[in-house]
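The values are calculated or read from the model by the stated rules, or taken from the named source; none is laboratory data. Source: prediction; values computed, not measured. Counting neighbours? That spans all protein chains shown, and the Cβs are built from the backbone with ideal geometry, glycine included.
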Amino acid sequence: MKVSDTTNIFSLPAKGSTVPREIIAGITTFTAMSYIIFLQPMIMTGKMFNIDSGMGFGALLTGTCIAAAFGSILMGLLANYPIGLTPGMGENFFFVLTVLPVCASLLGEKVGAQAVWQLGLGVVFVSGVIFALFSAVKIPHS
């Protein structure tokens, strides 16, 4: 792909930008967002709270990077909107400090047990599917 092809796809001249400017903007955005690469796994493993959630730091770090890259690339290619996307931070605290203890009490296990975090992630997945369905069929929700 030539630089002129990229310029045409994203309408850079019409938006008052250039390819070098966009590269600098991308590097700047990555630098500003890069804290999440390590903070997300610290929260989700429980290390930040001196607890053990049972989830692996390396897997969470990899998943964070993949999710941020995938979301940011989709935002650029599908919406033609230069916004970097990463996993939300507030939900992570809620997951580790509220969802996992509730799942542990339901299962009669300790928070670090594999079944506990798997149930917690399953609950989050199901709620995401429900909200996606609400959005797709335009059912009002709060």
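Kindly indicate whether LEU107 is over 30 Å from VAL19 (Cα atoms) and surrounded by 15 or more Cβ atoms within 10 Å (Cβ to Cβ). Here the answer is no, as LEU107 does not meet what is asked. Restricting VAL126, VAL99 to residues that are touching a residue at least 24 places away in the same chain (Cβ under 8 Å) and more than 21 Å from ILE37 (Cα to Cα) narrows the list to VAL99.
Evaluating ILE83 against the criteria (1) in contact with a helix residue (DSSP H, G or I) (Cβ under 9 Å, 6 or more places away or on another chain); (2) more than 28 Å from TRP117 (Cα to Cα); (3) touching a residue at least 24 places away in the same chain (Cβ under 8 Å) leaves one unmet condition, (3). Within region 8-20, does at least one residue satisfy the condition of being closer than 30 Å to TRP117 by Cα, touching a residue at least 40 places away in the same chain (Cβ under 8 Å) and outside any helix (DSSP H, G or I)? Checked against the condition, which is being closer than 30 Å to TRP117 by Cα, touching a residue at least 40 places away in the same chain (Cβ under 8 Å) and outside any helix (DSSP H, G or I), region 8-20 yields no hits at all.
For every residue, the table says whether it meets (1) of a type in the set (Phe, Trp, Tyr); (2) over 30 Å from ALA25 (Cα atoms); (3) at pLDDT 95 or above.
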| site | (1), (2), (3) |
| --- | --- |
| THR62 | no, no, yes |
| ILE83 | no, no, no |
| VAL99 | no, yes, yes |
| GLY108 | no, yes, yes |
| GLN118 | no, yes, yes |
| VAL137 | no, yes, no |
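When each of ILE73, ILE83, ILE66, ILE43 is tested for being closer than 20 Å to GLY122 by Cβ and surrounded by fewer than 13 Cβ atoms within 10 Å (Cβ to Cβ), the lone residue that passes is ILE66.
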